[in-house]
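So the structure is just underneath, and the comments pick up after that.
The values are calculated or read from the model by the stated rules, or taken from the named source; none is laboratory data. Because the structure is a prediction, the values reported are computed rather than measured. Ideal geometry is used to build each Cβ from the backbone, glycine not excepted, and the neighbour counts take in all protein chains shown.
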Amino acid sequence: MDSAFLQALAQARPDPGGGAAAAHSAALALALLSKVVQLEHRRQGPGNNPGIPWGDLLTRVRLVSAALLRLQEEDVRAYFKLTQARTSSNSMEVAAALEEAVACPLRIMQQAQEGLAIMAQAGAGCALHLVADLLVACELLGAAFRGAHHIARANLPMMNQDSRRAVWDKTLSHTLDAIEAEWQLVRAELLGRLAWT
């Protein structure tokens, strides 16, 4: 998570773009979540909420983090392939590139959702002073899945097949609604913990 990605993102060129930025935002959220889980895992012991499997949560955080970093790169490649395909006259190549340009941001959304599931568990048992860090991570995940949704949806009008566009439209809408509901719940639970202080 060095500044190289941010410097590349700020350049006047098409890639990396919004999808990669969404994945980066989610990766930042997972870094904060990892910090909280590691701190709790370190201080785990008798009387420190033995019901929370901090070690398992840490493994899951690392898996999602790695997936998001891969997706950040995949989004750049998908956009590059789409740009190349659009300059060719091969309609099948364009269709395949469009499918990937929608599928990659969808996978970013799904990884953000997995991050939210981990955050819900961590937020239920972490020390109160760490809840604010989780709220920052929660906001970053919200920006990530919504941003990835925007990027995926921006590619739909280029699809020539109405049936494929309709399938993707339904999938994206359903996924967004599910993650948004989960995000609202996790955020409310974290805010609820702070409200008791």
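Structural remarks
- When L156 is tested against (1) over 30 Å from R43 (Cα atoms); (2) out of contact with any Asp or Glu (no Cβ under 7 Å at 6 or more places or on another chain), just one condition goes unmet, and that condition is (2).
- Unmet requirement for I151, which otherwise passes all of (1) at pLDDT 95 or above; (2) touching a Leu at 6+ places or on another chain (Cβ under 9 Å): (2)
- Boolean, S89 is modelled with pLDDT of 95 or more and either farther than 27 Å from E180 by Cβ or touching a Ser or Thr at 6+ places or on another chain (Cβ under 9 Å) (or both): no
- For region 69-93, the set of residues classified as over 26 Å from F145 (Cα atoms) and acidic (D, E) consists of E93 only.
- Tally, over region 158-190, of residues that are among the hydrophobic types (A, V, I, L, M, F, W, C), touching a helix residue (DSSP H, G or I) at 6+ places or on another chain (Cβ under 7 Å) and surrounded by fewer than 18 Cβ atoms within 10 Å (Cβ to Cβ): 1
- Unique residue being modelled with pLDDT of 95 or more and closer than 14 Å to L28 by Cα when the list is V61, V131: V61
- The number of residues in region 5-58 that are surrounded by fewer than 13 Cβ atoms within 10 Å (Cβ to Cβ) and either modelled with pLDDT of 95 or more or among the hydroxyl-bearing types (S, T, Y) (or both) comes to 0.
- Test: residue in region 77-88 that is crowded, with 16+ Cβ neighbours inside 10 Å and under 27 Å from V186 (Cα atoms): no
- First in region 157-175 and within 17 Å of A97 (Cα to Cα), second anywhere and among the aromatic types (F, W, Y), Cβ under 9 Å, 6 or more apart: M159/W168
Residues are listed down the side, and each one gets a yes or a no for (1) under 27 Å from L28 (Cα atoms); (2) in a loop (DSSP other than H, G, I, E, B); (3) modelled with pLDDT of 95 or more:
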{"position": "E73", "(1), (2), (3)": "yes, no, no"}
{"position": "V76", "(1), (2), (3)": "yes, no, no"}
{"position": "T83", "(1), (2), (3)": "no, no, no"}
{"position": "A95", "(1), (2), (3)": "no, no, no"}
{"position": "E114", "(1), (2), (3)": "yes, no, yes"}
{"position": "A117", "(1), (2), (3)": "yes, no, yes"}
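- Yes/no for R153 being touching a Phe, Trp or Tyr at 6+ places or on another chain (Cβ under 9 Å) and within 25 Å of T83 (Cα to Cα): yes
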